Amino acid sequence: MAAVGTATALSASPALAAGAAAPGPGRGPGRPRADSTIEYHAWTAAADWRAGTADGVAVVAGARPGVRIAEPAGTVDYADPHLGTTRPYEYATWLSPRHAPTTPGSELIASWNADTPAGTFVRIEVRADYTDGGQSSWYTMGVWAAGDTDIHRTSVDGQGDGVSTVWTDTLAIVDTDTGPRLAAYQLRLTLYRAPDSGATPTVWRVGAMTSDVPARFEVPASTPGVASGVELTVPSYSQNIHVGRYPEYDNGGEAWCSPTSSQMIIESWGRAPAPEDLAWVNPDYDDPQVCHAARFTFDYQYEGCGNWPFNAAYAATYSDLEGLVTRIASLTEAEELIAAGIPLITSQSFYEAELDGAGYGTSGHLMTVVGFTDDGDVIANDPASDSNAAVRRVYPRRQFENIWLRTQRYDESGQVRGGTGGVCYLYFPTTPSATQRRTLRRLGLC
């Protein structure tokens with residue numbers, strides 16, 4: 001049993017020795033292509049959870065395996081930096097086997113799916129081994145709960161060791177020109193519950209995307225493929241009709257591109273908030289489900305709704321949905337997903353002249369890819385629209401793939417800025433169709 005102590009949002013979990021666990025196989029599908037540095041690896045199967053090191057957790061078998069608290073490893077005080085409260089919680093931990101991606105990475109983004117009943121929450125951490133033989137400390141990638149009454153979900157600022165640092169939701173090598181890379185990593189889950197409550201969080205999926213996408217202003221052009229002429233049925237929601245709503249959740253409008261996109265895709269799978277879930281929303285507001293998504297993806301440290309893993313975790317709070325954050329290497333891979341019936345949410349930045357038909361520029365924006373025209377241009381539900389009717393857009397293929405997949409860009413004043421290198425969210429059922437499962441496996445995602 002660990003001693004009772006105090007943990008803040010900056011603290012590592014109080015249990016488990018510092019030494020790395022022995023490497024284990026896990027059930028990571030790896031990377032989809034030999035020429036790609038992108039690799040997503042996840043622990044989702046009962047065998048995956050049993051391969052980890054447990055302290056107070058038990059494996060839940062069945063259709064959706066996971067881990068939950070069995071016998072707490074100890075009790076700790078959690079000081080919530082946003083609520084200003086300090087409360088005791090029982091905790092238990094699960095440590096993943098050490099995973100070494102085929103190509104060492106310069107970035108890592110973790111994502112997870114969990115159920116957190118009232119009085120419970122989870123912390124997700126990562127520790128990296130460097131290619132020069134060094135090792136990072138434990139970095140918190142999120143303190144998360146589906147609700148916002150017990151704790152306020154949060155990322156953690158101020159984490160770094162000079163070799164790597166955490167930017168809200170991304171662990172990044174500081175100097176990608178001369179610095180080492182991420183040779184391997186472990187993920188650690190800490191599950192918390194109010195003492196003697198008997199409640200427990202359950203984590204069904206935890207994984208991470210690693211990549212070493214090269215610095216590039218241009219990406220190779222792709223040719224139209226299997227999804228030419230395919231358009232999926234996805235609701236159209238505008239973020240701009242919410243301008244000025246709920247300042248406590250970043251005031252609607254351009255700040256809500258991520259939750260608006262998430263809500264569109266969640267509802268495309270036939271899931272939606274129950275009427276009682278929306279009772280808190282002002283009845284004068286249309287599309288209250290978008291307000292709901294903003295509230296329950298909000299990161300209280302980032303002070304916004306754009307935390308990538310928090311959006312994926314929100315999607316997985318809906319019945320039998322899974323969510324993850326990864327990178328996609330090309331529009332060809334995006335077409336495979338669309339052809340299988342899986343829409344995707346893409347992250348990109350551009351100035352107005354770089355994307356014909358957008359009518360705006362942005363330093364960072366989320367939209368959904370829902371199909372391709374017969375000529376291979378991208379059909380996007382773009383929430384940066386003045387009405388729901390205007391959300392559906394067609395963007396030129398070459399322009400879209402470049403603004404999404406590049407890692408560097410020039411802004412309108414000629415200054416060099418960053419790009420996401422193909423970051424996207426994917427939401428899909430826990431029991432996808434045979435075609436969807438084959439596609440996800442081929443792309444290294446399930």
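Taking the conditions exactly as written (surrounded by fewer than 21 Cβ atoms within 10 Å (Cβ to Cβ) and assigned to a helix (DSSP H, G or I)), does residue 417 satisfy them or not?
On the way: surrounded by fewer than 21 Cβ atoms within 10 Å (Cβ to Cβ): yes; assigned to a helix (DSSP H, G or I): no.
Considered against the rule, which asks whether it is surrounded by fewer than 21 Cβ atoms within 10 Å (Cβ to Cβ) and assigned to a helix (DSSP H, G or I), residue 417 comes out as no.
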For segment 239-254, enumerate the residues that are surrounded by fewer than 24 Cβ atoms within 10 Å (Cβ to Cβ) and in a loop (DSSP other than H, G, I, E, B).
243, 244, 245, 246, 250, 251, 252
Which residue is nearest to residue 350 (Cα to Cα), if the candidates are limited to segment 380-395 and must be among the small types (Gly, Ala, Ser) and part of a loop (DSSP other than H, G, I, E, B)?
384
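Conditions (1) among the polar types (S, T, N, Q); (2) farther than 30 Å from residue 194 by Cβ; (3) under 22 Å from the mean Cα position of the chain (by Cα); (4) surrounded by 16 or more Cβ atoms within 10 Å (Cβ to Cβ), marked per residue:
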position: 86; (1), (2), (3), (4): yes, no, no, no
position: 99; (1), (2), (3), (4): no, yes, yes, yes
position: 107; (1), (2), (3), (4): no, yes, yes, yes
position: 119; (1), (2), (3), (4): no, no, no, yes
position: 161; (1), (2), (3), (4): no, yes, no, no
position: 167; (1), (2), (3), (4): no, yes, yes, no
Where a residue in segment 427-441 is closer than 19 Å to residue 318 by Cα and surrounded by 13 or more Cβ atoms within 10 Å (Cβ to Cβ) and its partner, wherever it lies, is of a type in the set (S, T, N, Q) and at pLDDT 95 or above, with Cβ under 8 Å and at least six apart
427/262; 428/436; 429/436
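State all residues of segment 215-232 that are crowded, with 17+ Cβ neighbours inside 10 Å, part of a loop (DSSP other than H, G, I, E, B) and touching an Asp or Glu at 6+ places or on another chain (Cβ under 9 Å); if no residue qualifies, say none.
Going through segment 215-232, the residues crowded, with 17+ Cβ neighbours inside 10 Å turn out to be 219, 222, 224-225, 227-228, 230, 232.
Add one more test, that the residue is part of a loop (DSSP other than H, G, I, E, B), and what stays is 219, 222, 224-225, 227, 230, 232.
Correct list: 219, 222, 224, 225, 227, 230.
Tally up the residues in segment 386-417 that are among the β-branched types (Val, Ile, Thr), in contact with a helix residue (DSSP H, G or I) (Cβ under 7 Å, 6 or more places away or on another chain) and more than 13 Å from residue 369 (Cβ to Cβ), please.
Narrowing segment 386-417 to residues among the β-branched types (Val, Ile, Thr): 391, 394, 403, 407, 416.
Next cut, in contact with a helix residue (DSSP H, G or I) (Cβ under 7 Å, 6 or more places away or on another chain) only: 403.
Okay, now just the ones that are also more than 13 Å from residue 369 (Cβ to Cβ), so none.
Total satisfying the criteria: 0.
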Among 341, 359, which is free of Cβ contacts under 8 Å to residues at least 40 places away in the same chain, of a type outside the set (Lys, Arg) and surrounded by fewer than 24 Cβ atoms within 10 Å (Cβ to Cβ)?
359
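Rundown of residues vs (1) over 18 Å from residue 364 (Cβ atoms); (2) in a loop (DSSP other than H, G, I, E, B); (3) not assigned by TED's automatic domain parsing to the domain that holds residue 368, yes/no style:
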{"position": "234", "(1), (2), (3)": "yes, yes, yes"}
{"position": "256", "(1), (2), (3)": "no, no, no"}
{"position": "273", "(1), (2), (3)": "yes, yes, no"}
{"position": "281", "(1), (2), (3)": "yes, yes, no"}
{"position": "296", "(1), (2), (3)": "yes, no, no"}
{"position": "302", "(1), (2), (3)": "no, yes, no"}
{"position": "317", "(1), (2), (3)": "yes, yes, no"}
{"position": "322", "(1), (2), (3)": "yes, no, no"}
{"position": "333", "(1), (2), (3)": "yes, no, no"}
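The values are calculated or read from the model by the stated rules, or taken from the named source; none is laboratory data. Fair warning: this is a prediction, and the values are worked out from it, not measured in the lab. Using ideal geometry, Cβ is built from the backbone for each residue, glycine included, and neighbour counts are taken over all protein chains shown.
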